[in-house]
Each structure stands twice: as C-alpha cells, then as structure tokens.
Amino acid sequence: MPRNCFSKFSEAIKMVGFSQSHLDHSLFVQEKGSTLTMVLIYMDDMIIIGNNDKVIQDIKFFLQNIFYITYLGNLKYFLSLVVARSKAGIVISQRKNSPKILDDVGLFGAKPIDLPTEQNLRLRNVQGELLNDASHYRRLMGRLIYLTITRPDIMYYVNILSHFMHALRKPYWDVVFHIMRYLKNNLGLGLLFSSNNSLQLWLIVMQIRQIIL
C-alpha cells in the first residue's frame, strides 16, 4: 500500500476506535469489552479478524464507504500461508512454499527420509571444512525459519543451525540438506486447529494484547 494511502487508511481506522500496534505498524487493534477485532495490512491485501461477526461486517461497511475494496471471502492464502477449512477444523500450512524451497536448492527430486536429523546428532562445536561463502546458507536458513511458523517439528534444529551462520562449516550444510529431504516426505504438513477441542484462541490473544500493542 502506497504511503499516502496507508496514512489515509490509518486515520480512517483510528476514527472508529482502532489503535496502531507499536511493534507492527501494519496491525490495528480494537477492543470493546469482550469483543476483539484486528485489521492487518500488507501491500494491497487486508485481513480482518475478530470474535464478533457483526463488528467485522460494520468495519467492512465503514471501509467500503471510504476506499475501493474487493471482498475475497474467507482467508485462503496469505504470505505463503495456506488456510484450509473443513468440519475437522482449520489447517494452516505452507504446502505451496515448501516445494519452492526444495526446488531452489535442487532437492525436489531427492529421496525423502522419515527423520529431520540423524539420531543422537550433536551440532555444537562441530568440526569440519570452513566455507568462505555462507550467503546461500543464510538465505536458506531465513526461509526455513519462516517455515517453522507452520512446521514446529523442525523448529529445534533450525534454531540451532541458525547460530552458525557467521562461521559456516560443511557439516552444517549436510544437516540442512537432511532436513530438506525430511520436508520432502511431508510437504503438506501443517498446524490443525481442531473444531472438537476446547482451545479458546481468543482468550489467549486477549491475554497477550499488551505485548502486541
């Protein structure tokens, strides 16, 4: 979203009681009693979420009177995140992003494996050939860190591997390739928010709203 347009949007959304997050200026939050509504802006896309459907409809109507807005329905895809809904619940994955990462490093045709790393692997104080150019490694680690949003099964290993970007050794590259082959075995894996459990997501969000704001 161009700066002038974003400024106009910010002024308009604040008129109806939204506050702009200090940590992310693209996030606007409105809280009225037990009702919580959030509006997130990224480029020309906007996500409106909340725990009150009428409030969301009122916000959409308000914005449509000021801006030219096309409503695309329920969220399906945003920043590489794929959102799928069914009677079982909501699944958030990066099934479109994972194959791209594999293809970029030439491992799309690699043989898949069942475990993210070898058993009893110790990564700290690993010895091996010191590589001079770590640019590709850093770029790949950045993409894997983003992938952990929906793949907590690799979070521990990716977190450790990200500590060695300043002094890259070949054994770390080998572990990264091992993780990539593991991803090949589970490209569509993601997070399921089941419709049958007692998770009160909005209560959790409201408890951490002070951190967000």
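The values are calculated or read from the model by the stated rules, or taken from the named source; none is laboratory data. All values derive from a computational prediction rather than experimental measurement. Cβ sites come from the backbone with ideal geometry, for glycine too, and all protein chains shown count toward neighbours.
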| task | May I ask you to list the residues in segment 67-89 that are over 15 Å from the mean Cα position of the chain (by Cα), in contact (Cβ under 8 Å) with a residue 24 or more places away in the chain and at negative phi? | result | F67, K87, A88
| note | Checked segment 30-55 for anything more than 19 Å from T70 (Cα to Cα), under 22 Å from the mean Cα position of the chain (by Cα) and not in a strand (DSSP E or B); matches are N51
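Per-residue answers, yes or no, for (1) over 22 Å from G106 (Cβ atoms); (2) without any contact (Cβ under 8 Å) to a residue 40 or more places away in the chain; (3) not assigned by TED's automatic domain parsing to the domain that holds D103:
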site: I149; (1), (2), (3): yes, no, no
site: H166; (1), (2), (3): yes, yes, no
site: R169; (1), (2), (3): no, no, no
site: W173; (1), (2), (3): no, no, no
| request: Tell me which of these Q20 doesn't satisfy, since it passes every other one: (1) free of Cβ contacts under 8 Å to residues at least 12 places away in the same chain; (2) within 23 Å of N74 (Cβ to Cβ). | output: (2)
| message | Return the residues of segment 14-29 that are of a type outside the set (V, I, T) and either assigned to a strand (DSSP E or B) or exposed (fewer than 15 other Cβ atoms within 10 Å of the Cβ) (or both); say none if nothing qualifies. | response | K14, M15, G17, S19, Q20, H22, L23, D24, H25, L27, F28
